[in-house]
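Asks: What follows is a single structure, and I will ask about it in a moment.
The values are calculated or read from the model by the stated rules, or taken from the named source; none is laboratory data. These numbers were taken from a predicted model, which means no experiment stands behind them. So basically every Cβ, Gly included, is an ideal-geometry build from the backbone, and we count neighbours across all protein chains shown.
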Amino acid sequence: MILSRTPTFRPPTAPPFHRKSSSPSKHPQKMHLPSFLPSKLHPKTPKTHFRVTAGKRLPMEGLSQEMCAIASQNLDHAPARRRVRSAFIDVHQQLDHCLFKMDHGGIRTEEWYGRNSRGMEIFCKSWLPKVGDRIKGALCFCHGYGSTCTFFFEGIAKRIAASGYAIYAVDYPGFGLSEGLHGYIPNIDELVGDVIEQFTNVKGRSEVKGLPFFVMGESMGGAVSLKIHLKEPDKWDGVILVAPMCKIAEDVMPPAIVLKLLALMSEVLPEAKLFPQKDTSELSYRDPKNRKTAGYNVISYNDNMRSRTAVELLKATSDIETQLDKVSGPVLILHGAEDKVTDPLVSRLLYEKASSKDKTLKLYPDGFHCILQGEPDDRIFTVLDDIVTWLDSRCSPN
């Protein structure tokens, strides 16, 4: 299903898709509360959950004992994560997944560490088109909870860069290769500020100065991208949201007393891994082969959620859901129609409430949560092509 309000882009109509749930125009099915609460405190369990979790580490076949030992070490701090990532670079290049097997020779890559205003090292990476190819615009990427801007995103970035775009991405503090306690978000607005700092630096780079700039986020990265847009509505030429995390259902919001208890726990034991997470890999990756490949993302955070992180993600969604009508720039929303991790009907609600005159919603029939990594190959390429087509229609030649 494709909904679009834009003066310049009319994508071809896909076959209609209807969810079995009630019509969103009457009873919108909203994003469900993450499984943040211990079982004794959790309210009723809804049929459809929203769990922003990386899931348990999937088994990795064919690895030596030495490599398995490397993958299983404590990754609380950045030096360990960086060593593990370096040890697995060659392994990743041999993975049987279209994002690793694509041949995009000539794509220029660069890795560096910027510093945020608190002096922490923030991992940054860029992917540029081949030398001599015109750069049409720049795309800045925000990754999902527990993830990193390396691994799967390497192939995504190369595919889009091959179409003429400069791609830039960062790992949030505490995630991927950046400094900070693994999986820990002490303040979501501070995290957003860190991302803005690095992307502001990117905008001054000579290869993209004066070009259109877009921000793209996946899952929790969609929430980060929305908060960036809301803070800087006039500094971006468009927003791309992939299965975004942007609203919590009222019927599963904990009582006020439970929220107060959560807040207290986050103050007393902010770094404690108090909230058990269920494995959502089967809900995220529709293709079993690609689900298996996800287990090789060895620096992802897949442990129990830390108490402060849980509270900060609740705050983020609560903030965003009150400001959906303030989304004013060009926006492309992409969602798997069968996503049970973040609800596609929330994306429809965002589409309907956004004040933007240039907005497009695409729902992919049968698609799960990870439509850029976990679908059959032809679907992954379709989603990537849809992103490039949308960008092309908004980047006129110099």
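Asks: Could you say whether any residue in the stretch 318-332 is within 17 Å of the chain's Cα centre (by Cα), among the small types (Gly, Ala, Ser) and either surrounded by 23 or more Cβ atoms within 10 Å (Cβ to Cβ) or not in a loop (DSSP other than H, G, I, E, B) (or both)?
Replies: First pass over the stretch 318-332, keeping only residues within 17 Å of the chain's Cα centre (by Cα): 320, 331-332.
From what is left, the residues that are among the small types (Gly, Ala, Ser) are none.
Among the residues of the stretch 318-332, not one is within 17 Å of the chain's Cα centre (by Cα), among the small types (Gly, Ala, Ser) and either surrounded by 23 or more Cβ atoms within 10 Å (Cβ to Cβ) or not in a loop (DSSP other than H, G, I, E, B) (or both), which makes the answer no.
Asks: Does at least one position in the stretch 368-386 carry a residue that is over 30 Å from Val268 (Cα atoms) and assigned to a strand (DSSP E or B)? Break it down into steps so the answer makes sense when it comes.
Replies: We begin by selecting, within the stretch 368-386, every residue over 30 Å from Val268 (Cα atoms); these are 368-386.
Applying the additional criterion that residues be assigned to a strand (DSSP E or B) yields none.
No.
Asks: In the stretch 287-311, what residues are under 19 Å from His369 (Cα atoms) and of a type in the set (A, V, I, L, M)? It would help to see each step written out before you state the result.
Replies: Taking the stretch 287-311 as the starting set, the residues that turn out to be under 19 Å from His369 (Cα atoms) are 287-297, 300-302.
Selection gives Ala294 alone.
Asks: Continuing with the same structure: Listed residues Gly183, Gly210; which is modelled with pLDDT of 95 or more and of a type in the set (Gly, Ala, Ser)?
Replies: Working: Gly210 fails: modelled with pLDDT of 95 or more.
Exactly one of Gly183, Gly210 is modelled with pLDDT of 95 or more and of a type in the set (Gly, Ala, Ser), namely Gly183.
Asks: Please verify whether Glu190 is among the charged types (D, E, K, R), within 30 Å of Ser281 (Cα to Cα) and in contact with a helix residue (DSSP H, G or I) (Cβ under 6 Å, 6 or more places away or on another chain), treating the condition exactly as stated. Before you say what the answer is, go through the steps one by one.
Replies: Values: among the charged types (D, E, K, R): yes; within 30 Å of Ser281 (Cα to Cα): yes; in contact with a helix residue (DSSP H, G or I) (Cβ under 6 Å, 6 or more places away or on another chain): no.
Criteria not met by Glu190.
Asks: Taking the stretch 258-284, which residues are within 21 Å of Glu338 (Cα to Cα) and not in a loop (DSSP other than H, G, I, E, B)?
Replies: Ser281, Glu282, Leu283, Ser284 - these are the residues of the stretch 258-284 that are within 21 Å of Glu338 (Cα to Cα) and not in a loop (DSSP other than H, G, I, E, B).
Asks: Right, here's the next one. Among the residues of the stretch 238-247, is there at least one that is under 20 Å from Ser126 (Cβ atoms), among the basic types (Lys, Arg) and in contact with a Lys or Arg (Cβ under 9 Å, 6 or more places away or on another chain)?
Replies: No, the stretch 238-247 has no match at all.
Asks: Going by what's in this entry, would Lys136 be described as within 18 Å of Val239 (Cα to Cα) and surrounded by fewer than 24 Cβ atoms within 10 Å (Cβ to Cβ)? Spell out how you get there, then give the answer.
Replies: On the way: within 18 Å of Val239 (Cα to Cα): yes; surrounded by fewer than 24 Cβ atoms within 10 Å (Cβ to Cβ): yes.
Against the criterion (within 18 Å of Val239 (Cα to Cα) and surrounded by fewer than 24 Cβ atoms within 10 Å (Cβ to Cβ)), Lys136 qualifies.
Asks: Let me ask you something else. I'm told Thr293 meets every condition in (1) in a helix (DSSP H, G or I); (2) under 30 Å from Asp237 (Cβ atoms); (3) not hydrophobic (A, V, I, L, M, F, W, C) except one. Can you identify the failing condition by its number?
Replies: The failed condition is (2).
Asks: Condition first: buried (at least 20 other Cβ atoms within 10 Å of the Cβ) and outside any loop (DSSP other than H, G, I, E, B). Now tell me which residues in the stretch 175-197 satisfy that.
Replies: Initially, the stretch 175-197 is screened for residues buried (at least 20 other Cβ atoms within 10 Å of the Cβ), giving 175-180, 182-185, 188, 191-192, 194-195.
Correct list: Ile188, Leu191, Val192, Asp194, Val195.
Asks: Hey, among the residues in the stretch 114-133 that are loosely packed, with under 15 Cβ neighbours inside 10 Å and touching a strand residue (DSSP E or B) at 6+ places or on another chain (Cβ under 9 Å), which one's nearest to Pro186 (Cα to Cα)?
Replies: Arg115
Asks: While we're on this one: So which residues in the stretch 108-134 are among the β-branched types (Val, Ile, Thr) and not in a strand (DSSP E or B), if there are any at all?
Replies: Just the residues of the stretch 108-134 that are among the β-branched types (Val, Ile, Thr), to begin with: 109, 122, 131.
Across the stretch 108-134, the qualifying residue is only Val131.
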